[in-house]
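For reference, the structure discussed in these notes is given below.
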Amino acid sequence: MTARPGSWQAIEAEVLRRIHARDWPPGSAIPNEADLAQSFGVARATVNRALQSLAEAGILDRRRKAGTRVALHPVRRATLRIPILRHEVEAAGQPYACRLLARDEAPAPEVVTQALRLPSDAPLLHLRALHLAGGAPHALEERWVNAAAVPAILSAPLDTISANEWLVANAPFTSGDFSIAAANATTDEAAALACQPGAALVEVLRTTWDGARPITWVRLLHAPGYRMRMAL
C-alpha cells in the first residue's frame with residue numbers, strides 16, 4: 001500500500017531514501033524537526049512520528065539536546081505492525097467483508113482481565129466478528145476493548161468498519177504483546193469458519209497498550225490454510 005502524500009509514513013519513506021542514497025551517511029546529523037517540517041510542508045508532529053518510528057527501528061539515533069543522527073551502525077530491529085485484515089484480504093485479490101456477530105458491554109473472562117491488568121469486574125466492550133475473503137470465512141475475531149482508554153469506540157459504526165481497522169486508525173498504541181499458536185476448532189468455531197471440529201487453526205493473541213492504559217485484547221482464529229507473512 002502506497003503511503004499517502006504528507007503522511008508520517010511518506011516522510012519516513014523519504015528519510016529512508018535519503019539515508020540509503022547516502023545523502024545522509026551513517027553518523028551524520030540530519031536537519032531538525034522544524035526545518036524538515038517546513039521543507040516537507042507538514043506539521044512538526046508528523047515529522048516527529050516518522051523520526052521516532054525510524055529511531056525505534058534502529059535507523060536513527062535520537063538524543064535530547066544532541067539532535068538526530070543516522071545511526072553509525074544501524075541495527076534493524078524486528079517490529080510488528082498490526083495488520084488490517086481488510087488490506088490483507090484485498091492484497092490477495094479477494095473482496096472483503098466483515099460481519100459483526102455480537103456487541104455488548106460486560107465483565108470479561110479472567111484470562112482477559114489478567115492480560116489487561118484490570119479488575120475482574122471492569123466493564124469492557126465485547127465484540128465478536130467474522131472476517132470474510134471472497135465470501136468464505138477468513139478469520140474469527142473475539143475482542144475485548146477498554147472503553148475507558150478509547151471512549152469513542154462506543155459510538156463507532158462497527159457494523160460498517162471492523163474494530164480491527166477502527167482501532168488501528170483511532171487508537172495509537174505505545175506497546176503490546178502477541179503470541180501465535182496452533183489451536184483446534186471447537187464445534188462453534190468450526191461452524192463459523194466452515195471447517196471440521198478439531199481442525200488445526202492459526203491462533204493469534206494480542207494485547208495493546210497506550211502507556212499504562214490497556215486498550216484491547218483480541219483473539220483471532222484464522223481459517224485452515226491461512227499463512228502468516230511478516231516483514232523484517
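Cβ-Cβ contacts under 6 Å between residues 6 or more apart (or on different chains), taken from a first residue in the stretch 168-181 that is in the same structural domain as Ile215 (by TED's automatic domain parsing) and surrounded by 11 or more Cβ atoms within 10 Å (Cβ to Cβ) to a second residue that is in a strand (DSSP E or B) and among the aliphatic types (A, V, I, L, M), are listed as Ala171/Ile215; Phe173/Ile215; Ile180/Val204.
Give me the pairs, please: first residue somewhere in the stretch 120-139 and within 14 Å of Gly225 (Cβ to Cβ), second residue anywhere and surrounded by 19 or more Cβ atoms within 10 Å (Cβ to Cβ) and among the β-branched types (Val, Ile, Thr), beta-carbon distance under 9 Å, and either six or more positions apart or on two chains. Final answer for the pair search is Ala133/Val89; Gly134/Val89; His138/Val89; Ala139/Val204. Scanning the stretch 196-232 for residues that are touching a helix residue (DSSP H, G or I) at 6+ places or on another chain (Cβ under 8 Å) and more than 20 Å from Ser162 (Cα to Cα) turns up Gln196, Pro197, Gly198, Ala199, Leu201, Pro224.
Conditions (1) among the hydroxyl-bearing types (Ser, Thr, Tyr); (2) at pLDDT below 95; (3) within 22 Å of Pro83 (Cα to Cα); (4) surrounded by fewer than 19 Cβ atoms within 10 Å (Cβ to Cβ), marked per residue:
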{"position": "Thr187", "(1), (2), (3), (4)": "yes, no, no, yes"}
{"position": "Cys195", "(1), (2), (3), (4)": "no, no, no, yes"}
{"position": "Asp210", "(1), (2), (3), (4)": "no, yes, yes, yes"}
{"position": "Trp217", "(1), (2), (3), (4)": "no, no, yes, no"}
{"position": "His222", "(1), (2), (3), (4)": "no, no, yes, no"}
{"position": "Met228", "(1), (2), (3), (4)": "no, yes, yes, yes"}
{"position": "Ala231", "(1), (2), (3), (4)": "no, yes, yes, yes"}
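The values are calculated or read from the model by the stated rules, or taken from the named source; none is laboratory data. What you are looking at is a predicted structure, and each value in this text was computed from that prediction instead of being measured. Note that each Cβ is placed from the backbone with ideal geometry, even for glycine, and that neighbours are counted across all protein chains shown.
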